[in-house]
1. Return the FRET efficiency for the residue pair Ala363, Glu256: r is the Cβ-Cβ distance, R0 is 60 Å, and the value is rounded to the nearest 0.05.
2. On full extension of the chain, what length is gained from Arg11 through Glu118, given 0.36 nm per residue of separation minus the C-alpha to C-alpha distance?
3. Hey, what did the stretch 77-267 get for relative contact order, percent, Cα under 8 Å, at least 6 apart?
4. Where does each of Lys82, Lys236, Lys227 land when they are ranked from fewest to most other beta-carbon atoms within 10 angstrom?
5. Going by average Cβ neighbours within 10 Å, how do the peptides 120-132, 156-168, 31-43 rank, with the highest at the top?
6. If you count, for each residue, the other Cβ atoms within 10 Å and average over each peptide, how do 135-142, 181-188, 211-218 line up from highest to lowest?
7. Using per-residue counts of other Cβ atoms within 10 Å, averaged over each peptide, order 169-175, 245-251 from highest down.
8. Straight-line reach from Lys69: which lysines have a Cα under 16 Å away, not including same-chain ones fewer than 8 places off?
Amino acid sequence: MRAGAVSENIRLAFEALRVSKLRSSLTILGVVIGVATVMAMAAIVDGIRNQIVTTIEVAGPTTFYVLKKFSQTPLNPDNLPKEVRIRPDLAEREAERLRRLPEVAYASLWGQTLARIESEGTRSQSMAIFGADDGFTRIQGGELVEGRWFTRNELSAGTAVVVLQEETARRLFGRERMLGRLVRIGGRPLEVIGLWQEPGNIFAPPGQSVGAVVPYRFLERSFPIDKTNALWIPVKPRAGVSVAEAQGAAVMALREMRGLRPGSMNSFDLVTQDQILDTFNGITSVFFLVMIVLSGVALLVGGIGVMAIMTVSVTSRTREIGVRKALGATRRDILLQFLIEACTLTGIGGVIGILVGLAMGRAASFALDVTAPVPVTLTIIAVVVSVGIGIVFGMVPARRAARLDPIEALRYE
């Protein structure tokens, strides 16, 4: 078909859409919803995945974790399975034993709870409070921007001191000097000794951003800790030591301390960064698949709408088709005219859906504080799919228009 004829058919398509605005808008809406949903979810999932990958790079790809039990979803501490209940909780002495291994550069027992931080009438939302040591940034990244970390005496005694996350501190104190001030965490008073700036790429679910770091023994003494889900030992191998070597040494040391016999199962789990990433990928893949199915339903509804509106368009324009055929238009010309009209309809819906989806993805990424890249490949696929819907669902009414008898069409009232 000549380029001039194609452009003329596109012009006719827009003219037909202008005449039946309501029907066209409702048809386009189904395509917009489907494409926008896929685009938004792809942007969010990619953004969160990139943040997790970057966070893993901060901790170091060789860092691994010792847990009481590794589970893809948090276990209910009040209703634990028997095989988890019989496992002993992780202990500080086990972290100290791992720290002394020649294959290990760092190991320490960490815990976490959720609490509000208060000061002079200002109260934060519920935030993650870490119980750790002065090696916190070796795993979490970031830097100490003011003050100091904990001394050995403070760590061993569980002194009521705290290193605040800088943004949290600014919300509580503004620009005033914070060191030496008292804050209350979960109702307990602590002295601020430092400010920690978290790395911009660290991943934390909304509502659970890191608010403060306290000595582990203070956390253990002052707060209830979920020792199944919120207690772990991060382990960093020494330079030149592989993850497998360090894990092997850690397993042997822990089995010896727990008196496990040869052939018996470990009463603890070791988790690598790759396993964490695989778990996340598995969860998001299922979530994304559900979104694809829901989007497919919306696109199917949009496609049926295209077929309906094009069928109505063929019926209302029967006389026009007869005139065109009488003037020499072939079946192929009529077929392409209505196919181009259907593709134009769904193409417009696809473009609007892409723009809406990207805007939704950007807004959600901003709310989640993640960087969501533009899914270029998916954008191209979305355009192709939307146009393809026009071709598939526009074919039946287009073929009906092409087969109309010109004499009968001219007689149509």
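1. Here the calculated transfer efficiency is 0.70.
2. Net length gain for the segment: 32.1 nm.
3. Taking the mean separation of contacting Cα pairs over the length of the stretch 77-267, I get 32 percent.
4. Lowest count first: Lys82, Lys227, Lys236.
5. Working: 120-132: 17.2, 156-168: 20.0, 31-43: 25.8.
Output ranking for 120-132, 156-168, 31-43: 31-43, 156-168, 120-132.
6. The peptides rank, most packed first, as 211-218, 135-142, 181-188.
7. 245-251, 169-175
8. Counting by Cα, and skipping residues close in sequence, Lys69 has these lysines nearby: Lys82, Lys227.
Values quoted throughout were computed directly from the atomic coordinates according to the rules given, and no laboratory measurement underlies them. Predicted model only: the values in this text are computed from it and were never measured. Ideal geometry is used to build each Cβ from the backbone, glycine not excepted, and the neighbour counts take in all protein chains shown.
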